Amino acid sequence: MTQGSTYGGGAVPGGIRLGMVVLDTPDPRGLAEFYSGLLGWEIDAAANDEDWVAVRNPGGPVLAFQLAPGLPPATWPEGGVPQQSHLDFYVHSYEDAEAQALALGAVLLDASDDHPGFRVYADPAGHPFCLCLEPST
């Protein structure tokens, strides 16, 4: 039997757990400020320079932003530059969350009635992310 740590109610083989998610961007500080405002997380003073900025949820996950000069934004859904990853955020309703995201600089990409459970946006660096209605339990 493989030893592991317990996370989210189950054993994790080898004790592997996610440390952080890192997004490449031409503007680490600007993208950190966007996600800090969107999520209400603090910018980490220790992980904060011109090449790398992190935002932290106390006791929870970390998002970091790494300098990638000249990185083109994804052009999804039109094609050209594909999305390579995206983040999903759960919300109770779209109204307040969408207004907050748009005020911080997000762009609505898709709010189709074909998928009423989520809406797709781009952050200021062009990374797609979704606001997803909280699953009912």
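Summary table below
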read-out: Residues being touching a residue at least 24 places away in the same chain (Cβ under 8 Å) and either surrounded by fewer than 18 Cβ atoms within 10 Å (Cβ to Cβ) or in a loop (DSSP other than H, G, I, E, B) (or both) - total across the stretch 82-96; value: 10
read-out: Residue that is nearest to PRO73 (Cα to Cα), among those in the stretch 97-137 that are part of a helix (DSSP H, G or I) and touching a residue at least 40 places away in the same chain (Cβ under 8 Å); value: ALA101
read-out: Members of the stretch 40-81 that are small (Gly, Ala, Ser), in a strand (DSSP E or B) and farther than 19 Å from PRO128 by Cα; value: ALA45, ALA46, ALA47
read-out: Odd one out for TYR90, checked against (1) over 15 Å from LEU23 (Cβ atoms); (2) more than 13 Å from the chain's Cα centre (by Cα); value: (2)
read-out: Positions within the stretch 54-87 being in contact with a helix residue (DSSP H, G or I) (Cβ under 6 Å, 6 or more places away or on another chain) and closer than 12 Å to VAL21 by Cα, in sequence order; value: VAL55, LEU63, PHE65
read-out: Filter result for ALA103 (within 17 Å of the chain's Cα centre (by Cα), farther than 23 Å from GLU134 by Cβ and modelled with pLDDT of 85 or more); value: no
read-out: Those residues of the stretch 97-132 which are buried (at least 16 other Cβ atoms within 10 Å of the Cβ) and farther than 28 Å from ARG29 by Cβ, in sequence order; value: PHE118
read-out: Residue within the stretch 59-66 that is in the same structural domain as GLU42 (by TED's automatic domain parsing), surrounded by fewer than 16 Cβ atoms within 10 Å (Cβ to Cβ) and under 17 Å from GLY30 (Cβ atoms) present; value: yes
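The values are calculated or read from the model by the stated rules, or taken from the named source; none is laboratory data. Please read these numbers as outputs of a predicted model, since none were measured by experiment. Here the Cβ is made from the backbone with ideal geometry for all residues, glycine too, and neighbour counts use every protein chain on show.
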